[in-house]
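**Student:** Just passing along the structure, written as structure tokens.
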Amino acid sequence: MKKRDFLKTFGTAAIGAPFFSFDSNLNYNHLDYSERNNLSEKEFWKKIREDYTLKKDYINLENGYYCITPNPTLNNFISHVKKINIQGSYYMRHHRDKDNRRIETRLAKFLSCSPEELVVTRNTTESLDLIVGGFPWKKGDEAIYATQDYGAMQQMFKLVSKRYGVVNKIVSVPNHPKSDEEIVKLYEDQITSKTKLIMVCHMINITGHILPIRKICDMAHKYGVEVMVDGAHCVGHFKVNISELNCDYYGSSLHKWLSTPLGVGILYVSKNKISKINPLLASHVDEEDNILRLNHIGTHPVYTDLAIDNALDYQEMIGVDRKENRLRYIQRYWSDRLRKVKNIVINTPIEKHKSCGIANVGIKNMDPGKLAKVLLDKYQIFTVAINHENVVGCRISPNVYTNEQDLEHFISSIKELAT
Ligand SMILES: Cc1ncc(COP(=O)(O)O)c(C=O)c1O
């Protein structure tokens, strides 16, 4: 018997009156941030930094894996855990579905798409694997992606290649393309009559390079090819308007730049594509064009889903544009100063709109692993080494709490190492 049928049969009688007096109110603390409106820019970002508990023994310039949660969101999350632990299955049976849909509707508004096209998942990996794994592949179909794409996603294409005989075509994205058209052509040149799906990163994680998604989608659609966008690093990082991108599928992790606690992501599927994807896990939802048939994962830590509300509150307090500008300011603060220094290589495009908070820096003739190690051991700066194809350097991903003092220390450390 399904949980919902059980409720219909036994629900009101079995659960009955005593519970109605029970505190089932999971409304979280809507924090009042209004006193921040009058702060100067400098004071505002100082306050933001104070919202985080930061480790004192290193400067964290590795937020690309995931972004730690600011305390206002974290405290609300802990309170969700406690409240749900008191309510137990009462919460699951009475509130969970409604809360999920409310949060998904809020997220859909935030990302400018229809709530019927968006569901919460656990992360980008799950979102994109649901599409690649559930796509109706036939032997000989072709897919295109880039060698700079995330490893686990490439593995999924290799898996469907083995399983269904899909042919994968792999392009290599230059770090400094002359134009958007150069990128579009890279993918277009690989399209044949057998091409079914292109996977493309909205932001390449190892360089921070933002790709011209709308132009790639418009081009691909002319050939009847669908586009799945890996937006792992984009939601909460800069303004994402999914409808404007004109893509077919979009996945992102909210524990990255939206700074939710670990374990939540989103999957967008364009309404007319929902029915063609085979669910990987069976759901109770039978309507073929209902996106809820794609993300049934059973019982999971729902308090993390609830914290999306708090993360969105925090994001709105900062403001989407203000956050994007700040992250870009931070990246340009260090990369503009290092770009022309002898022996230093910046593996991220120079045009402002082609990157935001993340960039990649290398030192000629120095192995990135060694660079990352020296940065940590000698200068107490935590980064991650990348040595892949045309990307040889350390990925630098500061966050809204990073201040100019941290950046000055980073700049002088890199300069010292480059001489
Ligand atoms: C481009 C890209 N895609 C997908 C992922 C996977 O994200 P998650 O581990 O949150 O599923 C990452 C993680 O860093 C990434 O950088």
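**Student:** Let me confirm something: among 159, 107, which residue is closer than 19 Å to residue 233 by Cα and part of a helix (DSSP H, G or I)?
**Tutor:** Of the residues listed, the single one that is closer than 19 Å to residue 233 by Cα and part of a helix (DSSP H, G or I) is 107.
**Student:** Please work out which one of (1) crowded, with 24+ Cβ neighbours inside 10 Å; (2) away from the ligand (no atom under 15 Å from the Cβ); (3) of a type in the set (Asp, Glu) is the condition residue 230 fails and give its number.
**Tutor:** With (1) crowded, with 24+ Cβ neighbours inside 10 Å; (2) away from the ligand (no atom under 15 Å from the Cβ); (3) of a type in the set (Asp, Glu) applied to residue 230, the lone miss is (2).
**Student:** Given the criteria within 16 Å of the ligand (Cβ to nearest atom), of a type outside the set (A, V, I, L, M) and touching a residue at least 24 places away in the same chain (Cβ under 8 Å), does residue 284 qualify? Break it down stepwise before answering.
**Tutor:** Working: within 16 Å of the ligand (Cβ to nearest atom): no; of a type outside the set (A, V, I, L, M): yes; touching a residue at least 24 places away in the same chain (Cβ under 8 Å): yes.
Answer is no for this residue.
**Student:** Still on this structure, I have one more. Modelled with pLDDT of 95 or more, closer than 25 Å to residue 134 by Cα and in the same structural domain as residue 134 (by TED's automatic domain parsing): which single residue out of 277, 210 fits that description?
**Tutor:** Numbers: 210 fails: closer than 25 Å to residue 134 by Cα.
Answer to the selection: 277.
**Student:** So in the stretch 210-234, with the set limited to residues that are touching a His at 6+ places or on another chain (Cβ under 9 Å) and assigned to a loop (DSSP other than H, G, I, E, B), which one is farthest from residue 123 (Cα to Cα)? Quick ask: steps written out before the conclusion?
**Tutor:** Residues of the stretch 210-234 touching a His at 6+ places or on another chain (Cβ under 9 Å): 210-211, 213, 227, 229-234.
Narrowing further to those that are assigned to a loop (DSSP other than H, G, I, E, B): 211, 231-234.
Numbers: 211: 21, 231: 11, 232: 8, 233: 11, 234: 13 Å.
Filtering the stretch 210-234 for residues that are touching a His at 6+ places or on another chain (Cβ under 9 Å) and assigned to a loop (DSSP other than H, G, I, E, B), the one farthest from residue 123 (Cα to Cα) comes out as 211.
**Student:** Let me ask something additional. Given the options 130, 54, name the one that is touching a residue at least 40 places away in the same chain (Cβ under 8 Å) and either buried (at least 18 other Cβ atoms within 10 Å of the Cβ) or in contact with a strand residue (DSSP E or B) (Cβ under 6 Å, 6 or more places away or on another chain) (or both). Lay out the reasoning, then the answer.
**Tutor:** Working: 54 fails: either buried (at least 18 other Cβ atoms within 10 Å of the Cβ) or in contact with a strand residue (DSSP E or B) (Cβ under 6 Å, 6 or more places away or on another chain) (or both).
Just one listed residue meets the conditions, 130.
**Student:** What are the residues in the stretch 123-137 that are touching a helix residue (DSSP H, G or I) at 6+ places or on another chain (Cβ under 7 Å) and more than 16 Å from the ligand (Cβ to nearest atom), if any?
**Tutor:** Correct list: 136, 137.
**Student:** Something else: Please identify the pairs in which a residue from the stretch 242-258 that is under 17 Å from residue 108 (Cβ atoms) has its Cβ atom under 9 Å from the Cβ atom of a residue that is away from the ligand (no atom under 16 Å from the Cβ) and among the β-branched types (Val, Ile, Thr), counting only partners at least 6 apart or on another chain.
**Tutor:** Cβ pairs passing all conditions: 248/269; 249/269; 249/277; 250/242; 250/269.
**Student:** Kindly indicate whether residue 240 is more than 11 Å from the ligand (Cβ to nearest atom) and part of a loop (DSSP other than H, G, I, E, B).
**Tutor:** Yes; evaluated as a whole, the condition is true for this residue.
**Student:** Let me ask you something else. Do the conditions hold for residue 192, that is, is it within 16 Å of the ligand (Cβ to nearest atom) and in the same structural domain as residue 273 (by TED's automatic domain parsing)?
**Tutor:** no
**Student:** Can you tell me which residue among 361, 320 is β-branched (Val, Ile, Thr) and surrounded by fewer than 22 Cβ atoms within 10 Å (Cβ to Cβ)?
**Tutor:** One residue alone meets the criteria, 320.
**Student:** Condition check: free of Cβ contacts under 8 Å to residues at least 12 places away in the same chain and within 27 Å of residue 261 (Cβ to Cβ). Does residue 325 satisfy that? Lay out the reasoning, then the answer.
**Tutor:** Details: free of Cβ contacts under 8 Å to residues at least 12 places away in the same chain: yes; within 27 Å of residue 261 (Cβ to Cβ): yes.
Yes: the conditions hold for residue 325.
**Student:** Right, something else. Taking into account only those residues within the stretch 62-105 that are of a type outside the set (A, V, I, L, M) and within 16 Å of the ligand (Cβ to nearest atom), which is farthest from residue 394 (Cα to Cα)?
**Tutor:** Filtering the stretch 62-105 for residues that are of a type outside the set (A, V, I, L, M) and within 16 Å of the ligand (Cβ to nearest atom), the one farthest from residue 394 (Cα to Cα) comes out as 69.
**Student:** Right, another one. Exactly one of these conditions fails for residue 245: (1) in contact with a Lys or Arg (Cβ under 9 Å, 6 or more places away or on another chain); (2) within 15 Å of the ligand (Cβ to nearest atom); (3) modelled with pLDDT of 95 or more; (4) among the aliphatic types (A, V, I, L, M). Give me its number.
**Tutor:** Of everything listed in (1) in contact with a Lys or Arg (Cβ under 9 Å, 6 or more places away or on another chain); (2) within 15 Å of the ligand (Cβ to nearest atom); (3) modelled with pLDDT of 95 or more; (4) among the aliphatic types (A, V, I, L, M), residue 245 misses just condition (2).
**Student:** Within the stretch 106-122, is there a residue that is surrounded by fewer than 19 Cβ atoms within 10 Å (Cβ to Cβ), in the same structural domain as residue 269 (by TED's automatic domain parsing) and either without any contact (Cβ under 8 Å) to a residue 24 or more places away in the chain or within 12 Å of the ligand (Cβ to nearest atom) (or both)?
**Tutor:** Taking every residue of the stretch 106-122 in turn, at least one turns out to be surrounded by fewer than 19 Cβ atoms within 10 Å (Cβ to Cβ), in the same structural domain as residue 269 (by TED's automatic domain parsing) and either without any contact (Cβ under 8 Å) to a residue 24 or more places away in the chain or within 12 Å of the ligand (Cβ to nearest atom) (or both).
**Student:** Here's something else I'd like to know. Would you confirm whether or not the stretch 383-404 contains a residue that is in a helix (DSSP H, G or I), among the β-branched types (Val, Ile, Thr), in contact with a strand residue (DSSP E or B) (Cβ under 7 Å, 6 or more places away or on another chain) and more than 30 Å from residue 83 (Cβ to Cβ)?
**Tutor:** No, there is no match, as no residue in the stretch 383-404 is in a helix (DSSP H, G or I), among the β-branched types (Val, Ile, Thr), in contact with a strand residue (DSSP E or B) (Cβ under 7 Å, 6 or more places away or on another chain) and more than 30 Å from residue 83 (Cβ to Cβ).
**Student:** Name the residues in the stretch 255-281 that are within 14 Å of the ligand (Cβ to nearest atom) and out of contact with any Asp or Glu (no Cβ under 7 Å at 6 or more places or on another chain), would you?
**Tutor:** 255, 256, 257, 258, 259, 260, 261, 262, 263, 266, 267, listed by residue number.
**Student:** Please verify whether residue 348 is crowded, with 18+ Cβ neighbours inside 10 Å, in the same structural domain as residue 409 (by TED's automatic domain parsing) and either within 15 Å of the ligand (Cβ to nearest atom) or part of a loop (DSSP other than H, G, I, E, B) (or both), treating the condition exactly as stated.
**Tutor:** yes
**Student:** Any residue at all in the stretch 342-364 that is of a type outside the set (A, V, I, L, M, F, W, C) and at positive phi?
**Tutor:** Yes: one or more hits.
**Student:** Sort through 325, 360, 399, 403 and tell me the only one that's under 30 Å from residue 51 (Cα atoms) and in contact with a Cys (Cβ under 6 Å, 6 or more places away or on another chain).
**Tutor:** One residue alone meets the criteria, 399.
The values are calculated or read from the model by the stated rules, or taken from the named source; none is laboratory data. Here the structure is a predicted model, which means the values were calculated and not measured. Here Cβ is always computed from backbone atoms with ideal geometry, including for glycine, and neighbour counts include all displayed protein chains.
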